[in-house]
Amino acid sequence: MAAKRKSKGAYMISAVAEMYEIHPQTLRLYEREGLLKPSRTEGNTRLYTDEDLERLEFILNLARDLGVNIAGIAIILQMRERMEEMNRQMQSFVEYVRSEMLARFQQAAPGQAAAIVPLRKPTVIPKAPQPRKP
């Protein structure tokens, strides 16, 4: 579904409509519904970035290939954004835990086993019972 694009730039509505074989009113509708948010020039001309075109491709895939209506597309896009935000938060948390663990391992006294939670006394783990022979 990817249309041929120039490298880095902004595209006017007529160029985008032609590239994706859609009517300019469809792009205006997607903007009214909040699915796309192109930037504007001082003269109020819509300019679509490469990121806007990637989002448009996703929208068109949902609409054309999967038959999803505009309300469904809006919900899917919101869910996708929430998932991306949750992923960013998880990556941040993982990085925080990793840095805390490294800091604690580096603070451990030489010869002392480093632990995330300091151990007060040695922990003894009992052996599992051996099965009896008949």
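Can you order the peptides 64-70, 81-87 by their average number of other Cβ atoms within 10 Å per residue, highest first? Let's see the in-between values first.
Numbers: 64-70: 11.6, 81-87: 10.0.
Taking the mean over residues of other Cβ atoms within 10 Å, the ranking is 64-70, 81-87.
Long-range amide H contacts for residue 36: which residues qualify at under 5 Å (H placed 1.01 Å from N, peptide plane, sequence gap of 5 or more or a different chain)?
31
Provide the per-residue ³J(HN,Hα) series for region 60-76, in order, calculated from phi with Karplus coefficients 6.51, -1.76, 1.60 and θ = phi - 60°, each as a whole number of Hz, with x at glycine and proline positions.
5, 4, 4, 6, 6, 7, 10, x, 7, 7, 4, 4, x, 4, 4, 5, 4
Per residue of region 97-105, in order, report the coupling 6.51 cos²θ - 1.76 cosθ + 1.60 (Karplus, θ = phi - 60°) as ³J(HN,Hα) in whole Hz, putting x for Gly and Pro.
4, 4, 5, 5, 5, 4, 4, 5, 5
Could you list which residues have their amide H under 5 Å from that of residue 12, counting only those 5 or more apart in sequence or on another chain, with H placed in the peptide plane?
When sequence neighbours closer than 5 places are left aside, the close amide H contacts are 48.
Near the amide H of residue 68, under 5 Å away, which other amide H atoms are found, from residues 5 or more places off or on another chain, if H is placed in the peptide plane?
Those qualifying (amide H under 5 Å, at least 5 residues apart or on another chain) are 63.
³J(HN,Hα) across region 29-41 via Karplus (A = 6.51, B = -1.76, C = 1.60, θ = phi - 60°), whole Hz, x for Gly/Pro?
4, 4, 5, 4, 7, x, 7, 10, 9, x, 6, 10, 7
State the extension gain, in nm to one decimal, for the chain segment bounded by residue 37 and residue 49, taking 0.36 nm per residue of separation less the distance between their alpha-carbons. Display every interim value, and only then the final one.
Values: separation 12, 0.36 × 12 = 4.32 nm, distance 0.99 nm.
Roughly 3.3 nm would be gained on extension.
Would you work out the charge dipole size for region 10-106 about its Cα centre, treating the Cβ of every Lys and Arg as +1 and the Cβ of every Asp and Glu as -1, and quote it to the nearest 20 debye? All intermediate terms of the calculation are to be shown ahead of the outcome.
Details: 12 positive and 16 negative charges, 61 e Å.
That gives a dipole near 300 debye.
None of the figures in this text is laboratory data; all of them are computed from the coordinates on show. Quick caveat, the model's predicted, so the values are computed rather than measured. Methodologically, a virtual Cβ is constructed for each residue, glycine included, from the backbone with ideal geometry; neighbour enumeration extends over all protein chains shown.
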